[in-house]
Amino acid sequence: MTHAGNELEAGTMSPQMDALGESEAFLDFQARLSKVAVVDRPVLIVGERGTGKELAVSRLHYLSGRWKGPLVALNCSALSPSVLESELFGHEAGAFTGATRQRMGRFEAANRGTLFLDEIGLIPLTVQEKILRVVEYGRFERVGGSASIEVDTRIIGATNADLPGLAEAGKFKRDLLDRLSFEVLFLPPLRERREDIPLLARNFAARMAQELGWRKVPPFSDAALEQLERYPWPGNIRELKNAVERAVYASGGEDIEAVQFDPFASPFAPAQTPAATRPAQEGEGTGSRPRFIPGENLLPDLVRELEVEALRAALGATRFHQGEAARLLGLSYHQFRGLFRKYKEELEQAGLSMKNKDG
């Protein structure tokens with residue numbers, strides 16, 4: 001079938017650099033990805049924002065038997081059902097106001113290749129029905145058309161949503177979920193692969209130095225690397241890249257001694273008085289430090305008391321920002337959440353449970 005006169009707007013993806021990492025979580029993910037890449041079935045990639053879902057999709061495509069074919073992408077968020085339908089399936093001339101000519105959709109553009117549907121959990125039910133038909137029968141009609149068009153396209157979906165939960169709530173078609181989930185790959189967040197942080201940081205630093213035209217890549221001090229490794233990285237690799245690039249730029253070519261995580265931190269904000277010399281704020285403890293007294297208390301009770309006191313102080317100092325509280329305590333966000341849930345009752349008594357903010 002010819003497509004003379006058809007055009008596809010931006011949406012094709014180009015080969016990207018290889019993913020970097022040597023942690024067990026990263027290598028396990030790459031092994032699973034490589035294994036399913038050669039199986040010509042739909043795949044779902046689940047991961048938090050900034051974990052590198054597009055890079056994983058690109059690797060899946062170029063390791064597959066479809067690597068010579070096109071890799072076409074569409075972000076499904078914030079598109080109305082009618083616009084999304086036209087983007088996916090194309091339209092005929094005169095199908096709606098402004099449709100002055102026939103237009104190819106993403107499914108046609110990805111024929112004999114791969115179609116990457118980002119934010120797949122946000123696709124409206126009416127469009128999901130048409131996608132299901134393509135998955136089942138390999139054919140569809142353009143918007144405003146009646147001719148059946150056959151395509152051979154592999155679908156890879158990406159999301160950070162709970163698709164089974166959406167299906168239970170009637171917001172995602174169970175039949176489509178079953179068809180798309182031949183394999184579900186979970187991208188590890190950066191906090192679960194901390195040993196990869198120095199490698200990634202140096203790579204981003206080298207690229208930024210090259211972009212700035214510098215011959216030398218500014219090295220990270222031990223203190224700066226420790227900062228990077230202890231931070232919870234709620235924005236994952238994307239946030240790490242931004243932080244490292246800022247640090248390189250700000251270094252002027254000298255050694256990087258510290259990293260700024262929050263670009264919105266105002267230099268004119270009132271300085272905080274050290275806790276030891278100011279009145280206790282809401283959420284901070286006021287008692288003396290727990291002490292072991294033989295015959296009067298037990299070590300598990302002291303540990304519990306100290307952990308609750310530390311949680312209260314950290315949450316109070318960060319105005320209930322859990323990500324920053326975790327950083328102050330030297331914990332990963334996952335570790336912090338575990339302690340938070342463990343001592344939820346004590347924190348509720350301190351009026352902290354309803355005020356918490358995710359980091």
**Asked** Of (1) more than 16 Å from the chain's Cα centre (by Cα); (2) without any contact (Cβ under 8 Å) to a residue 60 or more places away in the chain; (3) within 30 Å of Asp196 (Cα to Cα), Ser64 satisfies all except one. Which?
**Response** (2)
**Asked** Picking from Gly98, Gly69, Gly65, which residue would you name as being assigned by TED's automatic domain parsing to the domain that holds Phe182, at positive phi and not in a helix (DSSP H, G or I)?
**Response** Gly98
**Item:** Failed condition for Gln260, given (1) over 26 Å from the mean Cα position of the chain (by Cα); (2) surrounded by fewer than 13 Cβ atoms within 10 Å (Cβ to Cβ)
**Value:** (1)
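Has region 274-292 got at least one residue that is modelled with pLDDT of 75 or more and part of a loop (DSSP other than H, G, I, E, B)?
no
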**Asked** Which of the following residues is in contact with a strand residue (DSSP E or B) (Cβ under 7 Å, 6 or more places away or on another chain) and among the acidic types (Asp, Glu): Glu239, Glu226, Glu183, Glu211?
**Response** Glu183
**Message:** For region 148-160, check the following and say yes or no: at least one residue is closer than 24 Å to Glu48 by Cβ and small (Gly, Ala, Ser).
**Reply:** yes
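Please find, among Ala147, Ala224, Ala158, the residue that is touching an Asp or Glu at 6+ places or on another chain (Cβ under 7 Å), crowded, with 17+ Cβ neighbours inside 10 Å and within 30 Å of Ala110 (Cα to Cα).
Only one candidate passes the filter, namely Ala158.
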**Asked** Going through region 171-191 one residue at a time, which ones are assigned to a loop (DSSP other than H, G, I, E, B) and under 23 Å from the mean Cα position of the chain (by Cα)?
**Response** Lys171, Phe172, Ser181, Phe182, Leu187, Pro188, Pro189
**Index of the failed condition, Pro267 passing every other in (1) farther than 30 Å from Arg194 by Cα; (2) at pLDDT below 80** = (1)
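The values are calculated or read from the model by the stated rules, or taken from the named source; none is laboratory data. It should be emphasised that the depicted structure is a prediction, and the values quoted were computed from it without experimental measurement. Note that we place each Cβ from the backbone using ideal geometry, even for glycine, and neighbour counts take in every protein chain shown.
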